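Have a look at the structure below before the remarks.
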Ligand code: UN1
């Protein structure tokens, strides 16, 4: 472990704020936090958090750096991000291992997360040459009308523990090619991966002398988080976390007319229709529900199965679940690591109890796995449920899967949409009619709708995010870049007259 930490520049005690350059670390002064590995419940290293005063200094440097960064041609900003991608390639192995150590996801997923950052860097290099605006035909003679996109300024990025580094890359790399500067506040569960990322990119920042473009502030939500959200210099707040967090942040940012990009809770379902390929469906459900120990916002939480195949699916799933090895996520044979902390275990156990009180039947799992070396391990759990149970409308950030049954495709879609969240959804079917119904305007109401693919594991090329209580934001691919920019409509008169629009005369 010591070698791993050393290779990423993590000390026993670390400062919690930087403006990005290798000498940009600030001697922070707030309380120390300990990063605990969920693998064994033991501390990895400590971080001295930032005070509001530290935040202020970082914000000042960031605002100053914006003046220069915004004037660098976008393709050159793309070159900077390209070199960051190269650094991430070099450090994929140790950074992936640190993600596993600090957050608990299995090692294959740790590497997958860093790969997502690398993919995002590649995407952003291309995007840096494609910040396109439209040209319109002016209704006035010898006039030209077009739109252009300018950077916003300072972007606050608040990330969650479950994707401690990838979510930063979706936001920061894209925001940066658009000409913005970023201030990252990571989850207090995962400060070390954030420090590691900053150390990995620091040589690029030094090379291009762009101190202040990629900043980090590790601090409490109460002090630093609150200050960030209220700060009028923070043009966009991009926050990933619970719906409860979004409810607190959203109105505060809106009140000051700031922009927000919210990625909140999901309650994702897979519909398995009577004609589905059952083998594919069971594999996808298992990965969706058990992967990352059910701690993705895209995790599969409900399956809605046609009555005629419910027993078969249930039996096959239970068989698949019983083969899942739970334990130290650093070992290759392990498919499910721990939950993030004791609290998460208690929340899961409480949800199982509530579900049972509401009438749900426990079909598999349901218990804590007695501490493998002190970590926070649980059994993946399957419960039979009915649509009227309130618990199935909640996102419990744990591997609990509720099985519901349906008769008609309309009923299945209604069940799937009948929750407050709207992130990801999928259908397993071989029927063109079922598929198209699911994808139509009267189909899934989610931001992501998949066919014969599970709910999690989206590629970065698409816009990622969801509707309703998921918050409505979109990150990563497609035209998600536009949220990080302001649109300007420009009309140029190159005639010798001053014709007014709508034919108005004013002489
Ligand atoms: C999250 O859980 O916050 O689609 C993001 C997925 C990943 C991202 C999940 N690419 O599962």
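Taking the conditions exactly as written (over 30 Å from residue 142 (Cα atoms) and either within 13 Å of the ligand (Cβ to nearest atom) or assigned to a strand (DSSP E or B) (or both)), does residue 443 satisfy them or not?
On the way: over 30 Å from residue 142 (Cα atoms): yes; either within 13 Å of the ligand (Cβ to nearest atom) or assigned to a strand (DSSP E or B) (or both): no.
Considered against the rule, which asks whether it is over 30 Å from residue 142 (Cα atoms) and either within 13 Å of the ligand (Cβ to nearest atom) or assigned to a strand (DSSP E or B) (or both), residue 443 comes out as no.
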Just checking, does region 131-139 include any residue being buried (at least 22 other Cβ atoms within 10 Å of the Cβ) and either within 16 Å of the ligand (Cβ to nearest atom) or within 19 Å of residue 476 (Cα to Cα) (or both)?
no
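Out of region 462-476, which residues are part of a loop (DSSP other than H, G, I, E, B) and away from the ligand (no atom under 11 Å from the Cβ)?
From region 462-476, those part of a loop (DSSP other than H, G, I, E, B) are 462, 465-466, 469-474; that's our starting set.
Within region 462-476, 469, 471, 472, 473, 474 meet the criteria.
Take residue 266 and decide whether it is within 13 Å of the ligand (Cβ to nearest atom), on the phi < 0 side of the Ramachandran plot and either modelled with pLDDT under 95 or in contact with a helix residue (DSSP H, G or I) (Cβ under 9 Å, 6 or more places away or on another chain) (or both).
Working: within 13 Å of the ligand (Cβ to nearest atom): yes; on the phi < 0 side of the Ramachandran plot: yes; either modelled with pLDDT under 95 or in contact with a helix residue (DSSP H, G or I) (Cβ under 9 Å, 6 or more places away or on another chain) (or both): no.
Spelling it out, it is not the case that residue 266 is within 13 Å of the ligand (Cβ to nearest atom), on the phi < 0 side of the Ramachandran plot and either modelled with pLDDT under 95 or in contact with a helix residue (DSSP H, G or I) (Cβ under 9 Å, 6 or more places away or on another chain) (or both).
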Return the only residue of 330, 296, 301 being assigned to a loop (DSSP other than H, G, I, E, B), in contact (Cβ under 8 Å) with a residue 40 or more places away in the chain and within 13 Å of the ligand (Cβ to nearest atom).
296
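To keep it simple, each residue is scored yes or no on (1) within 20 Å of residue 186 (Cβ to Cβ); (2) surrounded by fewer than 24 Cβ atoms within 10 Å (Cβ to Cβ).
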position: 221; (1), (2): yes, yes
position: 240; (1), (2): yes, no
position: 270; (1), (2): no, no
position: 288; (1), (2): no, no
position: 291; (1), (2): no, no
position: 295; (1), (2): yes, yes
Hits in region 342-360 - residues which are surrounded by 12 or more Cβ atoms within 10 Å (Cβ to Cβ) and farther than 22 Å from residue 376 by Cα:
356, 358, 359, 360
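When you scan region 194-210, do you find a residue that is more than 17 Å from residue 484 (Cα to Cα) and within 16 Å of the ligand (Cβ to nearest atom), even just one? Break it down into steps so the answer makes sense when it comes.
We begin by selecting, within region 194-210, every residue more than 17 Å from residue 484 (Cα to Cα); these are 194-210.
Subset that is within 16 Å of the ligand (Cβ to nearest atom): 194.
Yes: one or more hits.
Mind checking which residues of region 10-28 are within 15 Å of residue 54 (Cα to Cα) and surrounded by 14 or more Cβ atoms within 10 Å (Cβ to Cβ)? Show your work before the answer.
Here is the first cut: in region 10-28, the residues within 15 Å of residue 54 (Cα to Cα) are 14-20, 24-28.
Answer for region 10-28, where residues must be within 15 Å of residue 54 (Cα to Cα) and surrounded by 14 or more Cβ atoms within 10 Å (Cβ to Cβ): 14, 15, 16, 17, 18, 19, 20, 24, 25, 26, 28.
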Odd one out for residue 401 among (1) in a strand (DSSP E or B); (2) without any contact (Cβ under 8 Å) to a residue 40 or more places away in the chain:
(2)
Please verify whether region 44-55 includes one or more residues that are closer than 30 Å to residue 132 by Cβ, assigned by TED's automatic domain parsing to the domain that holds residue 216 and assigned to a helix (DSSP H, G or I).
no
The listed residue being within 26 Å of the chain's Cα centre (by Cα), touching a residue at least 60 places away in the same chain (Cβ under 8 Å), away from the ligand (no atom under 15 Å from the Cβ) and over 27 Å from residue 150 (Cα atoms), out of 448, 427, 409:
427
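Take residue 454 and decide whether it is within 16 Å of the ligand (Cβ to nearest atom) and on the phi < 0 side of the Ramachandran plot.
On the way: within 16 Å of the ligand (Cβ to nearest atom): yes; on the phi < 0 side of the Ramachandran plot: yes.
Against the criterion (within 16 Å of the ligand (Cβ to nearest atom) and on the phi < 0 side of the Ramachandran plot), residue 454 qualifies.
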Scan region 18-33 and tell me whether some residue there is in the same structural domain as residue 195 (by TED's automatic domain parsing) and under 30 Å from residue 326 (Cα atoms).
yes
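What helices (runs of 4 or more DSSP H), lying completely within region 74-185, carry at least 2 residues that are in contact (Cβ under 8 Å) with a residue 24 or more places away in the chain, assigned by TED's automatic domain parsing to the domain that holds residue 37 and under 28 Å from residue 248 (Cβ atoms)?
Numbers: elements: 74-90, 92-103, 107-127, 166-177.
Answer list for region 74-185: 92-103, 107-127, 166-177.
Can you tell me which residue among 413, 427, 400 is more than 27 Å from residue 246 (Cβ to Cβ) and either in contact with a helix residue (DSSP H, G or I) (Cβ under 7 Å, 6 or more places away or on another chain) or surrounded by 21 or more Cβ atoms within 10 Å (Cβ to Cβ) (or both)? Spell out the reasoning first.
On the way: 413 fails: more than 27 Å from residue 246 (Cβ to Cβ); 400 fails: more than 27 Å from residue 246 (Cβ to Cβ).
Exactly one residue qualifies, and that residue is 427.
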Which numbered condition residue 311 fails, given (1) out of contact with any strand residue (DSSP E or B) (no Cβ under 7 Å at 6 or more places or on another chain); (2) under 27 Å from residue 388 (Cβ atoms); (3) not in a helix (DSSP H, G or I):
(3)
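The values are calculated or read from the model by the stated rules, or taken from the named source; none is laboratory data. In this text the structure is predicted, and so the values were computed from the model without any measurement. Neighbour counts are summed over all protein chains in view; Cβ atoms, including those assigned to glycine, are modelled from backbone coordinates with ideal geometry.
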